[in-house]
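First up is the structure itself, then whatever we jot down about it.
The values are calculated or read from the model by the stated rules, or taken from the named source; none is laboratory data. Since this is a predicted model, take the numbers as computed values, not measurements. Every residue, glycine as well, gets a Cβ built from its backbone with ideal geometry; the counts of neighbours run over all protein chains shown. Heavy atoms of the whole protein, side chains included, go into the accessibility calculation; ligands, DNA and RNA do not. Shrake-Rupley method; radii C 1.70, N 1.55, O 1.52, S 1.80 Å.
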Amino acid sequence: MTDSNMMVLKKKPGFATVAIRAGQDPEKWNSAAVTPPIVTSATYKKPSPSKHNGYHYSRTGNPTRKTLEECLVALDGGSRAIAFGSGLAAVTAIVNLLQQGDHLLSSSDVYGGTMVRFSDSCTRSGIEVTYTDFTDIELVKAAVKDNTKIIWLETPTNPLMKVVDIAAVVEVARSHGNILVAVDNTFLTPYLQNPLDFGVDIVVYSMSKYINGHTDVIMGAVIVKDEELGKRFKFLQESMGGVPSAFDCYLVNRSLKTLALRMERHMTSALFIAKWLETHPKIIKVMHPGLPSHPQHELMMKQSRGHSGVFSFDHCGNLENSTKFLLALKVITLADSLGGVESLAGSPCVTSHVELTAAQRAELGITDSMVRVSIGLEDPEDLLADVKQALEVAF
Ligand SMILES: *Cc1c(COP(=O)(O)O)cnc(C)c1O
């Protein structure tokens, strides 16, 4: 479907239509292939020494990657999407916008790898970085400095599932003039949340998670609305060189076609299990933004169209009980990562947050008895039976 074909629709096409059709026009290929080809060529024949027909070298541009980027940009309502070889390569490109003397303000429980990149890049380049709890907007206001250039947030956060008010943070940034707001939207995907609609400048994804969703690709993307910023990221993609392969772009492009269906199922299955856990005598707390017991449940309902399959819970035991529980699981796999078709579980205190001291973990609220799960697409009854039997083994 071409963009002009989309115009015949009476209203804006829905998410699934865009995910399946945007950038996929068969007419753009000589073969009129309905499924976009995987173009593995590193280089392209030129019509003359000083000219090329749109592509000349695959780090700079590749037709399969372009197809994926066209679809991504349509899903988030931006002007440009730039794909990177991993989520962290995308994060690194954003950090690259900063220079010596600048200040980066970040929400406190961002992805561990992002924090590592911030501290390494910033320490070596003379960039200041500070973290604060973004669920309290007064703390955000107080933390902005004259040299703040980027405000960075994730919502919901990992593994505490705190929800940050995106519009309120954008307002703080605007009241100071020239501050860019970047949102890591990995957990919700464009199906459930569109940060650009709130005035956010940069959306970043680890597509290794829900967007690809099949646990077989590492990839990231940056999506922006502002054309100048888009040009800058395009330049960084080319000159830093962290581009994904054509084969991986094909896989992610294919995965986008089922994103709407997958997210719906992740959502209902995770809520089903979270609700059951809330009533279990050994469970103290379930951190899931879709539950009315969650402190920012209302805010989540307001700014997003749902929640993902990831949530955490605290039980009444210790790390040993967590270990017993995780080892007893038969359907759910004990593994890092999230967002795939397979359900995964792990213990944040010994994985994502192992680098922190016990006191730092305690301050954040990451206990030894916390388990994080990523509910996949298996039959929810089977997942529930698995959780049930593993809890019996653990206690
Ligand atoms: C996994 C993840 C990243 C890093 O992405 P990679 O693709 O692993 O490099 C960044 N942000 C969040 C929220 C993530 O979950």
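Annotations for the structure displayed:
- Any hit, the range 74-85, residues being aromatic (F, W, Y), open to solvent by 20 Å² or more (accessible area, probe 1.4 Å) and in contact (Cβ under 8 Å) with a residue 60 or more places away in the chain: no
- When the range 148-163 is filtered for residues that are hydrophobic (A, V, I, L, M, F, W, C) and more than 12 Å from G365 (Cβ to Cβ), the ones remaining, listed by number, are I150, I151, W152, L153, V163.
- Subset of the range 290-305 (residues that are touching a strand residue (DSSP E or B) at 6+ places or on another chain (Cβ under 9 Å), over 24 Å from D379 (Cβ atoms) and buried (at least 19 other Cβ atoms within 10 Å of the Cβ)): H294
- Residues in the range 319-353 that are without any contact (Cβ under 8 Å) to a residue 24 or more places away in the chain, within 16 Å of the ligand (Cβ to nearest atom) and touching a helix residue (DSSP H, G or I) at 6+ places or on another chain (Cβ under 9 Å): T351 only.
- Residue satisfying all of: in the range 244-281; buried (at least 21 other Cβ atoms within 10 Å of the Cβ) and in contact with a strand residue (DSSP E or B) (Cβ under 7 Å, 6 or more places away or on another chain); farthest from M301 (Cα to Cα) among these: P244
- Filter result (without any contact (Cβ under 8 Å) to a residue 40 or more places away in the chain and surrounded by 15 or more Cβ atoms within 10 Å (Cβ to Cβ)) within the range 24-54: D25, K28, W29, Y44, H52
- The range 347-375, residues that are surrounded by fewer than 20 Cβ atoms within 10 Å (Cβ to Cβ) and part of a helix (DSSP H, G or I): V350, A358, A359, Q360, R361, A362, E363, L364
- Single residue of the range 112-127 satisfying the filter (in contact with an Asp or Glu (Cβ under 9 Å, 6 or more places away or on another chain) and under 21 Å from V224 (Cβ atoms)) that is farthest from the ligand (Cβ to nearest atom): I127
- When A142 is tested against the conditions (1) within 22 Å of the chain's Cα centre (by Cα); (2) surrounded by fewer than 16 Cβ atoms within 10 Å (Cβ to Cβ), the lone failure is (1).
- Residue check for S308: among the small types (G, A, S), open to solvent by 10 Å² or more (accessible area, probe 1.4 Å) and not in a helix (DSSP H, G or I): no
- The number of residues in the range 229-267 being charged (D, E, K, R) and outside any helix (DSSP H, G or I) comes to 1.
- Residue list for the range 55-73, restricted to those being open to solvent by less than 50 Å² (accessible area, probe 1.4 Å) and out of contact with any Pro (no Cβ under 7 Å at 6 or more places or on another chain): S58, T60, G61, N62, P63, L68, E69, C71, L72, V73
- Of everything in the range 91-111 that is free of Cβ contacts under 8 Å to residues at least 60 places away in the same chain and either β-branched (V, I, T) or more than 16 Å from the ligand (Cβ to nearest atom) (or both), the residue that is nearest to W152 (Cα to Cα) is L105.
- Just so you know, in the range 197-228 the residues that are surrounded by fewer than 24 Cβ atoms within 10 Å (Cβ to Cβ), in a loop (DSSP other than H, G, I, E, B) and hydrophobic (A, V, I, L, M, F, W, C) include one that is farthest from the ligand (Cβ to nearest atom), and it is V217.
Yes or no, residue by residue, for (1) under 20 Å from G230 (Cβ atoms); (2) open to solvent by less than 10 Å² (accessible area, probe 1.4 Å); (3) at pLDDT below 95; (4) outside the structural domain of E355 (by TED's automatic domain parsing):
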{"position": "K149", "(1), (2), (3), (4)": "yes, no, no, yes"}
{"position": "A173", "(1), (2), (3), (4)": "yes, yes, no, yes"}
{"position": "G177", "(1), (2), (3), (4)": "no, no, yes, yes"}
{"position": "D184", "(1), (2), (3), (4)": "yes, no, no, yes"}
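- Checking each residue in the range 324-365 for being touching a His at 6+ places or on another chain (Cβ under 9 Å), more than 15 Å from H266 (Cα to Cα) and at pLDDT 90 or above picks out only F325.
- Criterion: over 23 Å from S208 (Cβ atoms) and aromatic (F, W, Y) - qualifying residue of F247, F313: F313
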